[in-house]
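A.B. asks: Structure in structure tokens, see below.
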């Protein structure tokens, strides 16, 4: 009997089958990674929204207690210079004002007024440096909380007759002369998340340190080389950018013998030039909205160029009637202050400073 060798069919994958399988796995991993990234970003956006809402509610409580909204402070915690309304110009005051006002916001006001982390000389409550047992302020720890900021909103920082009479009346931090008696207000927000608070820093020339990529102020935390407890505290979004506080702009007198205070004066909703609204801040305007939400603001943005008084006037009713707002630059940590919708190709969004829709992910919460 003749016996024949019979071999079983070859088992295993061909090279093509292996490549196809690997490709499918790579695609699935990519889809999973994308889904996880989107879920993480969505969670971060939701958390930042919650922070802005928390700040809005805290600001409303501050107003109920104090009688006005927090003053706008600069990066050194001094009263910010208020843009004259209308601007000081012999040619086109509206144009000048339109440009000046875009930078009138604060990253230091929220922590200053809503937390009240300053010492007794800065906000009326808190332990002084070198305080010892038995001193009146020794038990004022934690130092969070404030005394009433006074008639000027910055603890008499604009009062020429405050303290020893050496005040410049400019609202400087060192000019404050708060009362260390009376009712304690705040803190208006709870310090539950240590990553919600950080401090900005300054270079040797006294300028704030800025992230060269995003243009936002850099924030430092305990353990960082540039972290300094003497520097101003800021409240940040989930991505570590300082949250901005915007407030209604109001006219100021030009009498040099009278102080310019930090107390807000509110105006009714109007599109007239002499009734400034929150819509004056272009970066707060929605990037996109349905037609029924659009309302024309007083000023057009810079989408037609710096020299043109025209531009995109699209805004929202909320901004027209709002009195303050909190702002986050969003996941990309960038914002174009001079445009509503920073689409590539418009006059105000070209050259080296052009941005690719960085305003699209801005997060805004309007109060009250």
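Read-outs throughout are calculated quantities, based only on the coordinates presented, and are distinct from any laboratory measurement. On a predicted model such as this, the values are computed, not experimentally measured, just so you know. Neighbour counts run over all protein chains shown; Cβ positions are idealised from the backbone, glycine included.
A.B. asks: Translational diffusion coefficient, Stokes-Einstein: compute it for the chain using the Kirkwood radius over C-alpha pairs as Rh, at 4 °C and 1.567 mPa s, and state it as an integer in µm² s⁻¹.
C.D. replies: Result for D is 56 µm²/s.
A.B. asks: Could you state the angle between the C-alpha long axis of helix 15-66 and the longest principal axis of the C-alpha atoms of the chain, as a value from 0 to 90 degrees rounded to the nearest 10?
C.D. replies: 20
A.B. asks: Same structure again: With a cut-off of 8 Å between alpha carbons and a minimum separation of six or more residues, what is the relative contact order of the chain in percent?
C.D. replies: Relative contact order of the chain: 15 percent.
A.B. asks: Under the √(5λ) rule applied to the eigenvalues of the Cα gyration tensor, what semi-axes describe the equivalent ellipsoid of the stretch 95-244? Give them in Å, descending.
C.D. replies: Its equivalent ellipsoid spans semi-axes of 27, 21, 15 Å.
A.B. asks: Using the C-alpha atoms of the stretch 211-251, what convex hull volume per residue, in cubic angstrom, is computed?
C.D. replies: About 121 Å³ per residue, rounded to a whole number.
A.B. asks: With label points built 7 Å along Cα→Cβ from the Cα atoms of residue 230 and residue 26, find their separation and express it in nm.
C.D. replies: If labels sit at residue 230 and residue 26, their model points lie 5.6 nm apart.
A.B. asks: Kirkwood Rh, Cα Rg: Rg to Rh for the stretch 117-186?
C.D. replies: So for the stretch 117-186, dividing Rg by the Kirkwood Rh gives 0.99.
A.B. asks: Can you sort 279, 167 so the residue with the fewest Cβ neighbours within 10 Å comes first?
C.D. replies: 167, 279
A.B. asks: I'd like to compare 146-155, 132-141, 59-68, 99-108: which one has the highest average count of other Cβ atoms within 10 Å, and what's the full order after that?
C.D. replies: By packing density, highest mean first, the sequence is 146-155, 99-108, 59-68, 132-141.
A.B. asks: Suppose R0 equals 45 Å. What FRET efficiency, 1/(1 + (r/R0)^6) with r the Cβ-Cβ distance, do residue 343 and residue 33 give to the nearest 0.05?
C.D. replies: That pair, residue 343 with residue 33, gives E of 0.95.
A.B. asks: According to a simple spin-label model (label point 7 Å from Cα along Cα-to-Cβ), what is the distance in nm between residue 183 and residue 16?
C.D. replies: Here the answer is 8.2 nm between the modelled labels.
A.B. asks: So, one more: Apply 1/(1 + (r/R0)^6) to the Cβ-Cβ distance of residue 308 and residue 119, taking R0 = 45 Å, and write down the FRET efficiency to the nearest 0.05.
C.D. replies: 0.40
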